[in-house]
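Some notes on the structure that comes next.
Each reported figure results from applying straightforward, stated rules to the coordinates on display, with no laboratory input. Everything numeric here is computed off the predicted structure, so don't read it as measured data. Cβ placement follows ideal geometry from the backbone for every residue including glycine, while neighbour counts extend to all protein chains displayed.
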Amino acid sequence: MMELFIRKMIEANAIEILNWKYEHPYDFYNNEISIEGLNELMNNHYDAVVDQNEQLIGFFCIGQAAQVPKGYDFGVYDEKLIDLGLGIKPELTGQGFGSQFLKFILNHIQEKTIESSVRLTVAKFNTRAINLYKKFSFEIDKEFYTDRADFITMKLGAGRTGKSRDDRENI
């Protein structure tokens, strides 16, 4: 298990994230370096997650940056919750690291806020992420679509711990 730390997003990390390339079908999440992309990562409550060697592992954002704008047309963000968006370095996906990563971020959010209801927005095709979120007791809430993809929102309700089933079995 690697040690994880949260760091303020810096330009070097933002550039690295914008250069990440995921395999199909996750190439949906690929970006290109642009002023808009850099501004998004640098100015919208994004944080970097690094390991004990200060190597970039992933990122997360909270608030409006974690929402898909088209979702407003469908009323999926009407309920006031903590919206969470996250991404893991492509080389680390599909290797079982997601549980440690998500647990770390959820613990951070719970330490920093009194609000315990968290919402994720995820592309409907991303069953790998959806299964991870379900493992942490997130439940599918609403569905909407854009020109690029269909999306679902998933909620972790108040009073939930954000611990995975594996963690709860070991308590």
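Values computed for the structure shown
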item: Cα→Cβ-extended label distance, 7 Å offset, between Asp150 and Asn39, nm; result: 3.4 nm
item: Exposed-site-free run, longest, the chain (rule: trypsin sites (Lys or Arg not before Pro); DSSP loop; at most 12 other C-beta within 10 Å); result: 81-147
item: GluC sites (Glu not before Pro) lying in DSSP loop within the range 88-160, provided at most 14 other Cβ fall within 10 Å; result: Glu115
item: Under the Karplus curve 6.51 cos²θ - 1.76 cosθ + 1.60, θ = phi - 60°, whole-Hz ³J(HN,Hα) for the range 86-92, x wherever Gly or Pro sits; result: 8, x, 10, 3, x, 5, 9
item: Residues whose placed amide H lies under 5 Å from that of Glu143, excluding near-sequence neighbours; result: Thr153
item: Under the span-like rule (Cα at least 20 Å along the axis, Kyte-Doolittle mean at least -1.0), DSSP H helices of the chain; result: 98-112
item: Value of Rg to Rh for the chain (Rh from inverse mean 1/r over Cα pairs, i.e. Kirkwood); result: 0.93
item: Dipole magnitude of the range 4-169, debye to nearest 20 (Cβ charges: Lys/Arg +1, Asp/Glu -1, about Cα centre); result: 560 debye
item: Proximal lysines relative to Lys70, as straight alpha-carbon distance under 19 Å, when same-chain residues fewer than 8 apart are discounted; result: Lys80, Lys124, Lys142, Lys155
item: All aspartates and glutamates inside 16 Å of Lys8 as judged from Cα atoms, apart from same-chain residues fewer than 8 positions distant; result: Glu16, Glu40, Asp47, Asp51, Glu54
item: FRET E, pair Lys124, Asn31, Förster distance 22 Å, beta-carbon r, rounded to 0.05; result: 0.65
item: Estimated [θ] at 222 nm from DSSP helical runs (n ≥ 4, -39500 (n - 2.57)) normalised by residues in the chain, nearest 500; result: -8000 deg cm²/dmol
item: Separation of the Lys8 and Gln110 label points, Cα + 7 Å toward Cβ, nm; result: 2.8 nm
item: Which of Ile88, Ser34, Val118, positive extreme of dipole for the chain (C-beta unit charges); result: Val118
item: Where GluC sites (Glu not before Pro) fall in DSSP loop in the range 26-80, at most 14 other Cβ within 10 Å; result: Glu32, Glu54, Glu79
item: Approximate spin-label separation Phe74-Asn53, in nm, with each point projected 7 Å along Cα-to-Cβ; result: 4.1 nm
item: Where only alpha carbons of the range 24-94 are counted, the Rg and the Dmax (Å); result: 13.9, 43
